[in-house]
Amino acid sequence: MRLGERLALAAMHRVDPEAAHGMAIRALRMGLARTHGPVTSPRLHSRFAGLDLPNPVGLAAGFDKNAEAVGPLSRAGFGFIELGAVTPRPQPGNPKPRLFRLSEDRAAINRFGFNNEGMEVVAARLADRPRDAVIGLNLGANKDSEDRPGDFARVLAHCATHLDFATVNVSSPNTEKLRDLQGKDALSALLARVVETRNSLPRPLPVFLKIAPDLSEVEIADIAEIAIQSGVDAVIATNTTLDREGLQSSHREEKGGLSGAPLFEKSTRVLARLSELTEGRVPLIGVGGIATAEDAYAKIRAGASAVQFYTALVFGGISLAREIPQGLDRLLARDGFGSVADAVGTDRDRWL
């Protein structure tokens, strides 16, 4: 990390976390962050769910909810970026404060509640997106919607022209009863509707499913079965957790989803179990607690073909977008892997 970035992070940690996040988005838009394009190499280049990725390290949804800094983020070093979550209508989300920085734990708790400017605003911004980047959108449902499956399909249909992939997000803990859609029958019906919409598009695109880490063994098995049968192209494991075990910060009892370092082990165990159950028939994206190249490598060896991170940016800055894939390339070379695909699942049993 450069000195300027360290000073900027120190300054932002002195202000409210949500205000600091807004400052980070504005800094990117103003070109204050150094961007050189995605990191890539023959080892890192990946084919994932029909997408050509320069590297398998992506930005998770939540950082740029409203597609405000797509250009700078696509040049920061990531192999792909995911925007959103976006709902059909704009909504303010939950009352503030709703984002908490847990510095002692290298973590964050949020209860945003899908605050966003709505699909029309986001689609208009995406019309000017860089065409040489891999860009996806996290689909959400309005809090007061009477047809949440329909909301996911509407956002997909409205924004698809500007996307390379879309993610069905049924795993946020901050919208009441949203996680109920992870139940077997509800999830099957929801995915059928979204996949039907996807298949009707002039240019169908990959659809991913993002799940929670707080699932029982039976629920994980149900999701594996549904993922195989539904036609989704990948599963993202996992979203934030409601677990608070082992936290040190004074904010540890705040309501919302916990992300960051404490999530790493729990999310990786869910990932490995899904890998075992799906037997390679559905590719997986590993998310949760990644802050270093070693973390990303561990997710890949546990069964992920690609990874995403977000919370680590709060503590390590945007330079992580380059440092993590560069370090991953060195680790693959060290262990004699010619590609990311060669390393996928090679240490899965450790996490089962």
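The values are calculated or read from the model by the stated rules, or taken from the named source; none is laboratory data. Fair warning: this is a prediction, and the values are worked out from it, not measured in the lab. Reconstructed Cβ throughout: ideal geometry from the backbone, glycine too, with neighbour counts over all protein chains shown. Only protein heavy atoms, including side chains, enter the accessible area calculation; ligands, DNA and RNA are left aside. Shrake-Rupley method; radii C 1.70, N 1.55, O 1.52, S 1.80 Å.
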Solvent-accessible area, 1.4 Å probe, carbon plus sulfur percent, for the chain: 50 percent
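Given axes a ≥ b ≥ c from the Cα gyration tensor, I'd like to know whether the stretch 45-132 is rounded (a/c under 1.5), prolate (a/b larger than b/c) or oblate.
Numbers: a/c = 2.39, a/b = 1.28, b/c = 1.87.
In terms of gyration-tensor shape, oblate.
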- line: Percent antiparallel among DSSP beta bridges confined to the stretch 208-352, rounded to 5, stands at 10 percent
task: Compute the FRET efficiency between Arg131 and Arg330 as 1/(1 + (r/R0)^6), taking r as their Cβ-Cβ distance and R0 = 30 Å, and round to the nearest 0.05.
output: 0.50
- prompt: Near the amide H of Ala76, under 5 Å away, which other amide H atoms are found, from residues 5 or more places off or on another chain, if H is placed in the peptide plane?
  reply: Gly37
message: Using Cα-Cα distances under 8 Å and only pairs 6 or more residues apart, what relative contact order does the chain have, in percent?
response: 18 percent
message: So if I restrict to the alpha-carbon atoms in the stretch 1-110, what is the Rg, and what is Dmax, the biggest pairwise distance, in Å?
response: 15.8, 47
task: Express the accessible area of the stretch 37-143 per residue in Å², computed with a 1.4 Å probe while the remaining protein chains stay in the model.
output: 35 Å²
- request: Taking H placed 1.01 Å from N in the peptide plane, check which residues at least 5 places from Phe112 or on another chain put their amide H under 5 Å from its amide H.
  value: none
For the chain, calculated [θ]222 nm from helices alone, where every DSSP H run of n ≥ 4 adds -39500 (n - 2.57): -11000 deg cm²/dmol
query: Is any helix in the chain, taking whole DSSP H runs, at least 24 angstrom long along its axis by alpha carbon and on average at least 1.0 on the Kyte-Doolittle scale, and which ones?
result: none
task: Just report the Cα centroid separation between the stretch 31-59 and the stretch 71-119, whole Å.
output: 21 Å
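Give, rounded to the nearest 20 debye, the magnitude of the charge dipole that the chain has about its Cα centre when Lys and Arg contribute +1 at Cβ and Asp and Glu contribute -1 at Cβ. Could you put the intermediate results ahead of the total?
On the way: 43 positive and 43 negative charges, 189 e Å.
Here the chain has a charge dipole of around 900 debye.
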message: Could you report the stretch 195-352's accessible area per residue, 1.4 Å probe, as an integer in Å²?
response: 40 Å²
- line: Ala189 and Arg244 label points (each 7 Å along its Cα→Cβ direction) are spaced in nm at 3.4 nm
